[in-house]
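Everything on this sheet refers to the single structure shown next.
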């Protein structure tokens, strides 16, 4: 199979050859243009786009932070967890890559189908056990199987850690993760077909004085229903919708407590300064408002409704008849 990514040593060797003249850049370019056929390995079929892989990586970057906080609180020790890589590989390749004796936590993630596997390197597992029992978190470097007590201790702490997984995935979908099984031999786990594509998220992990890897294996069947949600555009739209909704709710609550001035115009007229200066008690001022016409109701000096006067529970009140519209004959 043709490798698409060169190692740093290969890049250095290529640059050295171009500089020394052993290789001609023009000939290299010509050979590349003449290539019309590329080897494709169907066993390593890529079922996720780079954008979707990046989205899965972002989810687990958040998960790594949450897991760091969780273990730091539970163990009261130095913990550092970060995403090292996110790859899609056949399931059989993942099984071959894990040690013969390791910690395999199998989580169901309802409402999604299938299970997620969390493989914890024995160094980390023994470091956890040592810290739980009061040690410094030193790895025991054992190669034999775990005892019943060690298994119970690990099961309990990883059962508590499911809340971090739920929270990390909540940006895409609400899941209810449950620790369904605890295994130490990867050969006993045949959850999907050997050639089924899985996404493997590798976490660099340091707990106390122990360091190693935590691998999270996510089969394609788990991710298939939410693949459209893994696009960056969808996530940005979801975030924007959430922000818009929060802004709307905040503005709505603020408006409920806003004070506005409402007043009803009983009528208006125009008089001269001379008439105004000679007004006396019991003088009558004629208004331009007909007794049969509705009154104008204003809010903050803006024409809003037409109303009719009356009484409600012995208090002067008005009843709204209709909205004010521009162009009405009562428009000022």
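Throughout, read-outs are computed from the coordinates displayed, never taken from laboratory work. Keep in mind that this is a model prediction, so the values were computed, not measured. With ideal geometry, Cβ positions are generated from the backbone for all residues, glycine too; neighbour counts draw on all protein chains shown.
Tabulated data for the structure shown
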| quantity | calculated |
| --- | --- |
| Gain in span if fully extended, residue 275 to residue 138, counting 0.36 nm per residue against the direct Cα distance | 39.2 nm |
| Sorted by Cβ density within 10 Å, fewest first, the residues 325, 150 | 325, 150 |
| Estimated FRET transfer efficiency (residue 80, residue 251; beta-carbon r; R0 35 Å; 0.05) | 0.25 |
| Residue 258 versus residue 160: modelled label distance in nm, points set 7 Å from Cα along the beta carbon direction | 4.9 |
| Segments 251-259, 157-165 sorted - mean Cβ within 10 Å per residue, highest first | 157-165, 251-259 |
| Sequence-separation-based contact order of segment 44-234, relative, with Cα cut under 8 Å and 6+ spacing, percent | 35 |
| Rh by Kirkwood over Cα pairs, then Stokes-Einstein D for segment 255-309 at 0.890 mPa s and 25 °C, µm²/s | 179 |
| Among 75-83, 216-224, 186-194, the order from most to least packed when residues are scored by Cβ within 10 Å on average | 216-224, 75-83, 186-194 |
| Label-point separation in nm, residue 87 to residue 302, each point 7 Å along Cα→Cβ | 6.2 |
| Among 112-125, 307-320, the order from most to least packed when residues are scored by Cβ within 10 Å on average | 112-125, 307-320 |
| Estimated Rh, segment 65-129: Kirkwood, alpha-carbon pairs, angstrom | 14.0 |
| R0 of 22 Å, Cβ-Cβ distance residue 149-residue 204: FRET efficiency to nearest 0.05 | 0.20 |
| Simple spin-label estimate for residue 190 and residue 265 in nanometres, 7 Å along Cα-Cβ | 8.7 |
